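*Asks:* Shown below is the structure under consideration.
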Amino acid sequence: MPPLRVKGFEIHVGYLDVPAQQALVAAVRGVARAAPFFTPETRRGQKMSVRMTSAGSFGWISDRKGYRYAPRHPDGTAWPQLPAEVRAIWQDLAPGAPDPDSCLVNWYGEGARMGLHQDRDEADFRWPVVSVSLGDQALFRMGGTDRRDATESIWLSSGDVVVMGGDARLAHHGIDRIRFGSSTLLDRGGRINLTLRVSQ
Ligand code: MD3
Ligand code: FE
């Protein structure tokens with residue numbers, strides 16, 4: 001199936017079948033055993049509602065010192081290796097780009113959300129960002145490069161993969177809400193998003 005194109009975002013609906021989704025959940029469990037989920041704090045000391053961890057050479061962390069890519073988990077351990085299944089998705093959907101050095105794992109429990117923002121902590125915006133949705137459905141809001149640009153929303157489901165490259169790379173985006181309990185993939189409900197990036 002060709003991807004849906006919305007505002008320069010490339011949405012591969014149903015890219016992963018259920019066994020592939022289950023294999024990714026198992027890989028995420030392995031990542032979380034080595035690098036436990038933590039609750040990031042904003043620079044203002046507010047707890048984020050999404051819990052996070054990472055795999056790869058660099059993980060994304062946020063604390064009172066600010067947002068940044070870091071070579072270690074906040075507990076001081078190195079991040080686990082990027083799972084091979086995750087790298088395979090990148091190589092299929094981002095051909096020609098260097099391998100990702102970062103896989104951010106976002107875990108949305110009931111009521112978690114992520115405000116409208118841009119991803120601009122990476123060194124080179126020529127490389128796309130690839131996002132994999134697992135578990136409960138999420139209302140994904142897409143805007144433009146200017147924060148005031150009009151936005152459009154779509155529901156992302158488990159197994160959908162979004163590629164943000166070209167003009168969409170610096171577009172604003174966020175998760176307004178999840179439909180908690182809409183998927184049976186995760187035993188205790190919720191949503192996991194994997195975001196693959198070339199950070200350095
Ligand atoms: C558009 N995560 O971690 S993924 C993030 O579902 C983030 O957890 C959301 O935004 C989530 O930064 C949305 C979709 C996404 C990811 C990166 C992008 C959209 C993007 C980078 C540029 C433009
Ligand atoms: Fe983002």
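*Asks:* At what distance in angstrom do the alpha carbon centres of the range 14-47 and the range 62-136 lie from each other?
*Replies:* 10 Å
*Asks:* Additional query: Could you give the size of the charge dipole of the range 143-183 about its Cα centre, using +1 on the Cβ of each K and R and -1 on the Cβ of each D and E, expressed in debye and rounded to the nearest 20?
*Replies:* 160 debye
*Asks:* Heavy-atom accessible area per residue, the chain, 1.4 Å probe: how many Å²?
*Replies:* On a per-residue basis, 49 Å².
*Asks:* Does the chain classify as rounded, prolate or oblate by the C-alpha gyration tensor (a ≥ b ≥ c root eigenvalues; a/c under 1.5 gives rounded; else a/b over b/c gives prolate, otherwise oblate)?
*Replies:* Verdict is rounded for the chain.
*Asks:* If packing is taken as the average number of other Cβ atoms within 10 Å across a peptide's residues, how do 83-92, 49-58 rank, most packed first?
*Replies:* Per-residue Cβ counts within 10 Å, averaged per peptide and sorted highest first, yield 49-58, 83-92.
*Asks:* Might you report the magnitude of the Cβ-based charge dipole of the chain about its Cα centre, with Lys and Arg at +1 and Asp and Glu at -1, to the nearest 20 debye?
*Replies:* Dipole magnitude for the chain comes out near 700 debye.
*Asks:* Among M48, L93, S158, flag the residue with its Cα farthest along the positive direction of the charge dipole of the chain, charges on Cβ as +1 for Lys/Arg and -1 for Asp/Glu.
*Replies:* Highest projection toward the positive end goes to M48.
*Asks:* Turning to a different aspect of this structure: About its Cα centre, how strong a charge dipole does the range 5-71 have in debye, to the nearest 20, once Lys and Arg get +1 and Asp and Glu get -1 at the Cβ?
*Replies:* Charge dipole, the range 5-71, about its Cα centre: 400 debye, nearest 20.
*Asks:* In the chain, what percent of the accessible surface is made up of carbon and sulfur (1.4 Å probe, ligands and nucleic acids excluded)?
*Replies:* Carbon and sulfur together cover 49 percent of it.
The values are calculated or read from the model by the stated rules, or taken from the named source; none is laboratory data. As the structure is a computational prediction, the values presented were derived from the model and not from experiment. Glycine gets a Cβ as well: all are built from the backbone with ideal geometry, and neighbour counts include every protein chain shown. In case anyone asks, the SASA skips ligands and DNA or RNA and just uses the protein heavy atoms, side chains included. Shrake-Rupley method; radii C 1.70, N 1.55, O 1.52, S 1.80 Å.
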